[in-house]
Structures are given as C-alpha cells and as structure tokens.
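Notes for the one structure printed next.
Read the figures in this text as sums done on the coordinates, not as results from a lab. Every value quoted in this text rests on a predicted model; they were computed, and no experiment measured them. Glycine also receives a Cβ, built like all others from the backbone with ideal geometry; neighbour counts cover every protein chain displayed.
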Amino acid sequence: MIYLDYAATCPIDEDALLGYMEISKNYFANTNSLHDIGGDAYYILENCRKQLANLLGIQKEGLYFTSGGSESNFLAIHALLSSLPSSKNHIIAAMGEHSSIHSTIKILEQKGYEITYIPYTASGAVDLAVLENSIQTNTALVSIQHVNSETGAIQPIEEISFICRKYHLLFHSDLVQSFGKLPIPELSKMIDGFSLSSHKFYGPKGVGACYIHPRLNGKSFYPNTTHENGFRPGTVNTPGIAAMVIAANKANQLISEETIHYKKLRQLFLEKTKNYPSLSIIENKAQLPSIIAFRIKQVEGQWVLLESNRKGFAISTGSACQVGHQAPSKTMKALGYSDEAAKELVRISFGRNTSPLEVEQFAATLEEISKNIHQIK
Ligand SMILES: Cc1ncc(COP(=O)(O)O)c(C=O)c1O
C-alpha cells in the first residue's frame, strides 16, 4: 500500500524509536519520585523541555508536555482564558479550525462564552476584515491555526497577531500541522499560547506540548496538580517526550531539504493532473507544499478515498468520516463552498519517504477512478 496521508499521522522516526526504547528501559521512574532514579528521569524531562523551547524560540517555563494536539488545544485555551477577568467572555476562532478547537469552544459556549467564527477568503486565509470587525469590548481570545490540515493553507500569523496586539487580545494558534515543516521561532514571539503534536513530525503518538506565555500566569484546568509544574496531572511520559524531542530536532534540521522535496512532488502531481476534466485543485495563496486538497466534481470524497484504497493508496477526505456518511469539510464551508461541494474534498499529503514514482502512480490511478466513477454515474 502507498501511504499518502502524512498530515493524518506519520510513522515514528527510527532515531526517535531508539530513544524511546532507551529511555523506557533506563529512565522509567516517575519524574516526581524523590529517589535518585526519579531524579535521573526528571533531569531527562527538563533537558527535553529546554531543547524543545530552544527549537521554538520560547521560554521553557511556559512549555508543558501533554498527550497531543487535541489536549494541548483544550488546555491552552482554558489556561489563556483563566488569565483574564470573567467579563472577557467572547472568543473568536476560524471556521476551519480542528475539531478539538471546535469542541473546546462549544463547551465554553455552554458555560456562557460568546463565540464568533471567521470564514476564509478565496485566498485560503482567514478574512482579516471580518476578524477585526468581530472584536467586541468583551473579546478575550482569538484562536487561529497556523496551517489548515485539510487544505494546507498557511494563515497570516503576523497580521493576526498585529490585530490581537492592537486590541489587547490573547492569541492562541494551533501549530500542529506547521511545526517541523515551517520555521516557528519568529512566529512564536507573536503568539500567547500554542499547541503541538508529536506524531505529525515523526514522533510517537499520544505526546504533544502546549505553550502559555509565562507572563500570563494562566491557571491549570486541573486544580491541585503536581506534575508539569501544576499544569497537568498524570505520571509524565518521559520516553514519549524524549522521542518527540529527538523527532523535533530532526524535523527542524530537515525543513529546507524537505520543503524542496515536497515542492517537487506537488509540481509533479499538478503537472500530471492538469488536464483531468473534472478535477479541481484547492489552491491557496500561501500553501504548505506537502498537502494537496482537490475535488472530483459531483463525486463524494469518500468514494474517491475508498476506490483509491482498493487500488492500493491510503489517502484522506480531510475530515473524519464513517462509511456511508461524509460530513461536509469545515474548511470548504469556510471557503464558501456548498455542502455538496464541501463533501467532495479529498486530501493527499506527502512525507519524507514519498517518491516521485508514487505520486505519478497515484495521479494515473486518479485518472482511472475519475473516468470510471463518471461512467457509473
Ligand atoms: C490542526 C490539527 N490540530 C490538532 C490535531 C490533533 O492532534 P492529536 O491527534 O495529537 O490530538 C490535528 C490532528 O489531526 C490537527 O491536524
């Protein structure tokens, strides 16, 4: 099977796996235990925090390890809000955010927060005019991701940060799809809180991190907790964290090289498919090259996914789906597409081992699928 779904998850990097095994065997103690073996594990943990903070260009005091991107989004938003008076009870988020942001702000809505969702313009970026016009005297926080997982659109973090600073709003950004693919240190200075997920950059699953700027004094969602400096309960996953940091270091070193690789693969796919009559690529002004979103007109994305699977390719519809029922993509809706067109979204995403031959083979298979499906119809 040819895997073209790296934006969903990546296999673990070999060095990260070796690190995981080494730390699991030799530094397995609870980092909070007072004995020396606990102290050794704590030393590893704090060294990981320092290394990751350096890679991100932030103060290690605001960096907390979590179970992944979804939990980081939940905890970061709660902690950021806790640093503000309760009269600040309005949140602004982009319509195309990850489901973990939507579910977090849904809970907050039930608790009395007002929510405003911002659409995208045709360029794929959040509509900055709508964002600025949505700001109210009670606005607390803006949450807008860096890279959209369904289309690969890169959001204008600098401009969003400028607006947030102008109106004294907190800015949270989900960096899950961008860390390891784009340089973060310049951007991290413009954001008050952000989220990461290890398995998107070849680290193990079930590990992540979130950052809350230490000046904010954000409180933990969990009261009376000791681990992670009072931020998150539970025995810390030292092997997972160490493996994540190994993967993070490697991914960061490879950014320039891999970007060239992804641009070539993207160009090849666009070239091969340019004359497919019913295929339409969702192009964005600022685009992560490793993600390609497209639709075959009048064909549900799920059909394309299942046919591709039958022919040996693992791809995605961008959003979670069940057989027989596909929800419209939130990103496509945010871009102004109808429900029907939004269900046609298909996403392929490249990884470091994706080869030009695999891309050519998929392009050829897609031509076959699109001809067959239209004949059936
Ligand atoms: C943009 C974005 N945020 C958050 C997540 C959730 O990350 P995790 O799987 O680590 O919970 C994902 C995963 O698909 C994502 O793409």
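Some values worked out for this structure:
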{"read-out": "Charge dipole of the range 117-234 about the Cα centre (unit charges at C-beta), most positive-ward option of PRO156, TYR120, SER143", "value": "SER143"}
{"read-out": "Amide proton proximity set for ILE115, modelled H, under 5 Å, gap of 5+", "value": "ILE91"}
{"read-out": "Integer Hz, Karplus 6.51/-1.76/1.60 couplings in order for the range 270-277, x for Gly and Pro", "value": "5, 5, 5, 9, 5, 9, 6, x"}
{"read-out": "Those aspartates and glutamates that a straight Cα-Cα span of less than 16 Å connects to LYS311, excepting residues fewer than 8 apart in one chain", "value": "ASP5, GLU358, GLU360, GLU367, GLU368"}
{"read-out": "Pairwise Lys count, the range 230-307 - Cα closer than 26 Å, eight or more residues apart or different chains", "value": "15"}
{"read-out": "Rounded to whole Hz, the Karplus (6.51, -1.76, 1.60) HN-Hα couplings of the range 49-54, x for glycine and proline", "value": "4, 5, 5, 5, 4, 5"}
{"read-out": "The range 111-145-the range 24-58 distance, computed between alpha-carbon centres (Å)", "value": "38 Å"}
{"read-out": "Long-range HN-HN contacts of ASP5 with modeled amide H, under 5 Å", "value": "SER349"}
{"read-out": "Sparse-neighbour loop sites [trypsin sites (Lys or Arg not before Pro); the range 81-167; at most 12 other C-beta within 10 Å; DSSP]", "value": "LYS111"}
{"read-out": "Estimated vicinal HN-Hα couplings, Hz - the range 70-85 in sequence order (Karplus 6.51, -1.76, 1.60; Gly, Pro = x)", "value": "5, 5, 4, 4, 4, 5, 5, 5, 4, 5, 4, 5, 5, 7, 10, x"}
{"read-out": "The range 14-252 - share of DSSP beta bridges that are antiparallel (%, nearest 5)", "value": "40 percent"}
{"read-out": "Computed helical MRE - 222 nm, the chain, DSSP H runs ≥ 4 contributing -39500 (n - 2.57), nearest 500", "value": "-13000 deg cm²/dmol"}
{"read-out": "Rounded Å value of the spacing that divides the Cα centres of the range 196-211 and the range 268-307", "value": "28 Å"}
{"read-out": "Ranked by how many other beta carbons lie within 10 Å on average, peptides 59-68, 275-284 from highest", "value": "59-68, 275-284"}
{"read-out": "Lysine pairs in the range 70-192 with Cα atoms under 21 Å, if 8 or more residues apart or on separate chains", "value": "5"}
{"read-out": "Under the Debye formula (equal points on every Cα, no solvent term), log10 I(q)/I(0) of the range 81-202 at q = 0.09, 0.11 Å⁻¹", "value": "-0.23, -0.34"}
